[in-house]
Each structure stands twice: as C-alpha cells, then as structure tokens.
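Scroll down for the structure; my scribbles are underneath it.
The values are calculated or read from the model by the stated rules, or taken from the named source; none is laboratory data. What you are looking at is a predicted structure, and each value in this text was computed from that prediction instead of being measured. As a convention, Cβ positions derive from the backbone with ideal geometry for all residues, glycine included, and neighbour counts pool all protein chains shown. What goes into the accessible areas is simple: the full protein's heavy atoms, side chains included, and nothing from ligands, DNA or RNA. Shrake-Rupley method; radii C 1.70, N 1.55, O 1.52, S 1.80 Å.
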Amino acid sequence: MNRHGHTNGQAPVNGRPPTVSGQDPAGGGRVPLSVPGASPSLVTRAVRSGLGADTGHRAVMPPIHLSSNFLFDSPGVCGRYDYTRSGNPTRDLVATAIADLEGGCGAVVTSSGMSAISVVTRLLSAGDLLLAPRDCYGGSHRLFTAEARGGSYRVRFIDPTDPAALAEARVLRPRVIWLETPSNPLLRITDIAAWSRLARETGAICVVDNTFLSPVNQRPLDHGADLVVHSTTKFLNGHSDVVGGAVVAADPGLLEEVDWWTNAAGVAGSPFDAYLTLRGTRTLHARSRIHEENALEVVAALRRHDAVRRVYHPSLPDHPGHETARRQQTGWGSLVSFELRGGWEAVDAFVDGLDCFALAESLGGVESLVAHPATMTHASMDEQAQAAAGIGEGLLRLSVGIEAATDLVADLERALCRAEAAACQPV
Ligand SMILES: *Cc1c(COP(=O)(O)O)cnc(C)c1O
C-alpha cells in the first residue's frame, strides 16, 4: 500500500495543501467591483505559487514531472508519489494554487470540466435527489439526465432564481444542490448564500460551477458552498490550449471523497496540462482585470447601438440579478450576451463582419470569441426548450478577451452596422 492508501481503498489527504480559508476573505461586495476581488496577498500568492518547489536543481519555476511512476525504496515502501494517476507533483502544484484561489482546503485536478463534474455526481447514491438548474451547462444537463436514467440517482431541474424553488427544495430534501451562476447564455444570477444556507439546514451538499467567473470574481466557498467545480479549460488556464477541470472542497472529508473517486475512476489531469494550467493561474488576476475593463467597454458600445435590442450583463442596473451579483461577486465577468434586431440575416451579416471575435464555442481565453447559442452551444435543445430558456435566433454571446478595447469596440461597431444594413434589405 502506498502513502495515499489507494490500493486498499482509503484516501488520506497527506501532503494536501493546508487550509487557507479565512486568511483572505474575498469580501463579496465589500470591495469596489472594478478591482479584482482578492487582497494583494492572494494576487501575490497566485503569481508565486510553487516557486522554488524544485529542490533538485533549485529552478525558480517548478519543473514538469511527466513520469507515470516513481521509485520504491523497498517492496511496499515508497515516497510521496508512486503512480501518476494517484498523485503527481506537477498536478499537486496546480491543485494547491486553485484551492488557494478559491479559499478551499484542497482540490483535485481532472482531465476536463466534465470529469470534475462526474466525480461530484459519484457522491450520490441510488434514490438520492440532485437539484440542478434548468439552464445549467449543456454537458452537465446531459450527464445528470443520463446518470439518472441509469438509476444512479434522481434529478430534478429547477429555476434556482425563483424564490418559490427554495421553499419547494426544503420539502424535496435533495442530497446535492447544483448551482451555476452566472448562467449560460443569459447570465442569470443565483443567490449562493441562500441556497448554501438551505443545504446546511437540510443536510445537502451545495456545489457551485464557478467556471464563468473564476475565483477572482466570485468565491462560492466564502458564501457557504461546500464544493466548487471548474472547467479549467476556460479562465483558469485562460489560453484555450488545455481541456481540464478541478473540484475544490471546503472541508477535508469531502476532499478525501472526491480525491478517492478521481483516482478510482482514473480521471486525474495529465501533468502536461497541469503545468500549462499553473502558468495560466499565475496571470489570472492580471488577465481578469483587462477582461473586465474590455467587457464594460463592449457593454457600453452594444447599448449605444440601434442594431441591438437588449444587452445581458450583470453590471447593468436593469439586469434582474444585478443586486445579488453586487453582493456575491467581486467582479462582473467578461461574458456578455445580446439580442440583435433583424433575425437570422442580421446575425449572419454581423458574424461575417467581425475580425477580432472568432466564431467558436468555449470562453475565458485571452482571445475574443463570438458564439450563436441557438445553433452552437445550445443546438441540442429543441426550439421549444430554447424558447423557454430565452434563447432566440437573434441572441449572441461574446467572450471578451484581452485585446485592445478600442479594436474590439471598433470591430463590433463595424459589424453592427453591417447587421443593421442586412436587416433592412428587402427579402
Ligand atoms: C466548459 C464548461 C464545462 C465543461 O468543461 P470541459 O472542460 O469542456 O469538460 C462545465 N461547466 C461550464 C459552465 C462550462 O463553461
């Protein structure tokens, strides 16, 4: 049996990062929203995480350990690591960095956001109820539905922004409450503290998918959540060259369970991806600042233009979740959705007219992207489901990158004029 005890089915958390929660309260809403929601010491820790970890050659930046296996001293006796599926020094460094950013007691780093989510659903047994948002990430919706159909647990999709849903949940006695805020693509905001309180009162676990904001803009554990999941593919890596995930736990008991399942199911992330993601987390605060500055410029430009019917962004006072966002977020985020007037012709002309926004799915990279939810991210929903979720054919979603704001705004304005012209053409 190795240090992790994985061969006999236990997972002690030796060597896991120490608890950091409480050292750096993000202070949801207590700091100006234009400033990244972390104290300078957390910014510094993110930049310097893992520096000097190499005791062999005293490299400043930690080396990458690609080896799948590690030497035993004698039969049954090994050091900190024995096999990379169970534990790897490079992966542990990024797990420590992400746990620190979220204020958790530790994290597991997985091969994708979806594998992180599937590790969490392993905590459910047959008969247990999972409550999840109707408009959660499409991949999560598909996984929950399929696993529930197979009898692993029961699932019920709700609208967590509806106050009546809280009262209903108290009666339903869920085992896991799944939240995703802001939601995709309309950026609806769910009150994390209210649902975490309900979870505590009813013995449920509250899980927040924090992919859309990253810990710079929102730290769900500070508001009472038990687990945070990430697609590190997005902001944490931030360069659109890794697919990865993470689960951060508030307490060692849950950490032990998700760590055990990550090893048992074999879904830990590769050392190379861990190395790249750690590079990404060093610049997360710096990137986030520019992402947000640019997003606010983009929101203002969209609001000014006649071709745009409606803009969705939590920074806007008329956004239904604005006050809740102000309370629980420490930044507004850089996803922006909007409705174009003029239907499909306008959408086609707009997308075709863009140079600085690449037409692609995903989000959170340094490069700006545009997506058309009805035919791309949400194409698996039928027309009725799309209509119920507020996804019309004129809806577009932007992931605002860190290019020069003047270029992004000029590009959007040019494309909006084209959209307007196309919408006016007689058909
Ligand atoms: C992308 C995404 C996921 C899935 O992550 P992958 O890394 O693509 O597996 C889950 N949740 C949200 C909110 C996402 O945006």
_Need one number: nm distance between label points at residue 272 and residue 53, each 7 Å from Cα along Cα→Cβ, rounded to one decimal._
1.8 nm
*Using mean Cβ contacts within 10 Å as the protection proxy, how do 41-47, 283-289, 146-152 order, highest first?*
283-289, 41-47, 146-152
*Once phi is turned into θ = phi - 60°, what whole-Hz ³J(HN,Hα) does the Karplus curve with 6.51, -1.76 and 1.60 give for every residue of region 101-118, x standing for Gly and Pro?*
4, 8, x, x, 8, x, 8, 10, 10, 10, 6, 6, x, 5, 6, 4, 5, 6
*Could I have the simple spin-label model distance between residue 159 and residue 60, label points 7 Å from Cα toward Cβ, reported in nm to one decimal?*
5.4 nm
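Do you know the relative contact order of the chain, to the nearest whole percent, from alpha carbon pairs under 8 angstrom that are 6+ apart?
Numbers: 906 pairs, mean separation 77.3, N = 427.
Averaging sequence separation for qualifying contacts and normalising by length gives 18 percent for the chain.
Please give me the summed charge of the neighbours of residue 274: other residues whose Cβ is under 12 Å from its Cβ, Lys and Arg +1, Asp and Glu -1. Don't skip to the end; give the middle numbers.
Working: positive: 91, 279; negative: 92, 273.
That sum, taken over residues with Cβ under 12 Å, equals 0.
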*Quick one: accessible surface of residue 352, probe radius 1.4 Å, all protein chains present, in square angstrom to the nearest 10.*
110 Å²
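Under the rule a/c < 1.5 gives rounded, and otherwise a/b versus b/c splits prolate from oblate, where does region 258-331 land using the Cα gyration tensor?
Details: a/c = 2.82, a/b = 2.12, b/c = 1.33.
Prolate shape, in that a/c is at least 1.5 and a/b is the bigger ratio.
May I ask you to give the percent of accessible area on the chain that is carbon plus sulfur, with a probe radius of 1.4 Å? List each step's numbers first, then the result.
Numbers: 9400 of 17690 Å².
About 53 percent, which is the carbon plus sulfur part of the accessible surface.
Excluding residue 201 itself, calculate the net charge of residues whose Cβ lies under 11 Å from the Cβ of residue 201, where each Lys or Arg counts +1 and each Asp or Glu counts -1. Could the numbers behind the result be given before it?
Values: positive: 170, 173, 197, 200; negative: none.
Its environment carries a net charge of +4.
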*Nearest 10 degrees, 0 to 90: what angle lies between the long axis of helix 138-149 and the longest principal axis of the chain (Cα atoms)?*
60 degrees
_Hz values of 3J(HN,Hα) by residue in region 393-406 - Karplus curve (6.51, -1.76, 1.60), Gly and Pro given as x_ = 6, x, 7, 10, 10, 10, 9, 7, x, 10, 5, 5, 4, 4
*Where in region 339-383 does the amide nitrogen come within less than 13 Å of the point 7 Å from the Cα of residue 407, taken along Cα to Cβ?*
355-358, 366-369
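What ranking do 325-331, 88-94 get when scored by the average of other Cβ atoms within 10 Å per residue, highest first?
88-94, 325-331
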*State whether region 202-304 is rounded, prolate or oblate according to the following rule on the C-alpha gyration tensor (a ≥ b ≥ c being the square roots of its eigenvalues): a/c under 1.5 gives rounded; otherwise a/b larger than b/c gives prolate, and the remaining case gives oblate.*
oblate
*Residue-wise, which Karplus ³J(HN,Hα) couplings in Hz belong to region 245-253, taking 6.51 cos²θ - 1.76 cosθ + 1.60, θ = phi - 60°, and x for glycine or proline?*
x, 8, 10, 10, 10, 7, 9, x, x
*If you take the square roots of the eigenvalues of the alpha-carbon gyration tensor of region 223-273 and sort them as a ≥ b ≥ c, do you get rounded (a/c under 1.5), prolate (a/b over b/c) or oblate?*
oblate
*Placing +1 at every Lys and Arg Cβ and -1 at every Asp and Glu Cβ, with all other atoms neutral, what dipole size does region 221-329 have around its Cα centre, in debye to the nearest 20?*
620 debye
_Dipole of the chain [Lys/Arg +1, Asp/Glu -1 at C-beta], most positive-end residue of 391, 351, 265_ = 265
*For the chain, what are the per-bin percents of Cα-Cα distances with bins 20 Å wide, up to the bin holding the maximum?*
27, 56, 17, 1, 0
*Please work out the average accessible area per residue across the chain, using the 1.4 Å probe convention, and give it in Å².*
41 Å²
